[in-house]
Amino acid sequence: MTLNCRTVFISDVHLGTRGCQAELLLDFIKSIECESLYLVGDIVDGWKLRSGWRWPQTHSDVVQKVLRMARKGVAVIYIPGNHDDRLRDFCGVHFGGVVVARDAIHVAADGKRYLVTHGDEFDGIINQAKWLAHLGDYSYRALLTLNTRWNGLRRRLGLGYWSLSAFVKLKVKNALQFIDDFEHAVAEEARRRGVDGVICGHIHHAEMREIDGILYVNDGDWVESCTAIVEHHDGRLEMIDWAKTRGWSMLERQTPPSGAKLVSPFPAFA
């Protein structure tokens, strides 16, 4: 199966963490042909560097595949997020054909213009109380661990993948209000910049909807939803749910064998 498209947008991969669905992402990347690839932040999880990074071979394979795409002529734009914010010191620099940018304006095939940004600048907790953001991150990872065990049970019962962590998040009133506030803040920034829409990540909630005339697009993540946004050659945007497309067979293959060597290819973050 090959998906031929003009542009691909992915974010919130969190390489270096146990929750990263690297096997599914690698399968997705191998299945696409595109002219441009936007990495919309939190691709590498720098927050986990000093507290137990997990880096199996599949994480290195994702990095190598992206670099190979860049060498073959795909325009790869890396827009750092809050978990890989150290890369913001290198905006404008090229690494192996990958260009780092604070944000970008993407012009689609139909002429529409989209602001591409990770979105953490519009998160009040990140900007005003970083300690609380780290506490929330710890709680979120605990929920993801529970999510893994929950889906292990579902798999043994012959049931499909279902994100317990996403369900809990969307049932909490404060979380719902946060998501709504975030979406409106990002859409307002797009309006201020005079573009037609915004493509972002950060909140791990895939969405595509119009907010007061601005197209708000969130490409989701590769921890819970395993989603991406693709632009077709006519400029049409589509959300791809790769977990549903590929099912359990890929998720089962992600677990590394016991004793597998964990290697970090990013000593610069140490």
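Before moving on, here are some points about what is shown:
- Residue ID - surrounded by the fewest Cβ atoms within 10 Å (Cβ to Cβ), chosen from residues in segment 11-20 that are of a type in the set (Gly, Ala, Ser) and touching a helix residue (DSSP H, G or I) at 6+ places or on another chain (Cβ under 8 Å): 19
- Cβ-Cβ distances below 6 Å connect the following pairs, each with a first residue in segment 100-121 that is outside any strand (DSSP E or B), a second residue that is among the polar types (S, T, N, Q) and surrounded by 14 or more Cβ atoms within 10 Å (Cβ to Cβ), and a separation of six or more residues or different chains: 103/117; 120/82.
- The residue that is surrounded by the fewest Cβ atoms within 10 Å (Cβ to Cβ), among those in segment 56-88 that are at pLDDT below 95 and over 18 Å from residue 221 (Cα atoms), is 86.
- Total residues in segment 213-249, condition assigned to a helix (DSSP H, G or I), modelled with pLDDT of 50 or more and polar (S, T, N, Q): 1
- Residue match in segment 250-263 (condition: at pLDDT 95 or above and within 22 Å of residue 5 (Cβ to Cβ)): no
- Within segment 11-58, the set of residues being acidic (Asp, Glu) and either in a loop (DSSP other than H, G, I, E, B) or under 19 Å from residue 117 (Cα atoms) (or both) comprises 12, 35, 42, 45.
- Among the residues of segment 218-244, those identified as aliphatic (A, V, I, L, M) and crowded, with 20+ Cβ neighbours inside 10 Å are 223, 228, 229, 230, 237, 240, 243.
- Hits in segment 21-45 - residues which are farther than 14 Å from residue 65 by Cβ and surrounded by 21 or more Cβ atoms within 10 Å (Cβ to Cβ): 21, 38, 40, 41, 42, 44, 45
The values are calculated or read from the model by the stated rules, or taken from the named source; none is laboratory data. Because the structure is a prediction, the values reported are computed rather than measured. Quick reminder, even Gly has a Cβ in these numbers, built from the backbone with ideal geometry, and neighbours come from all protein chains shown.
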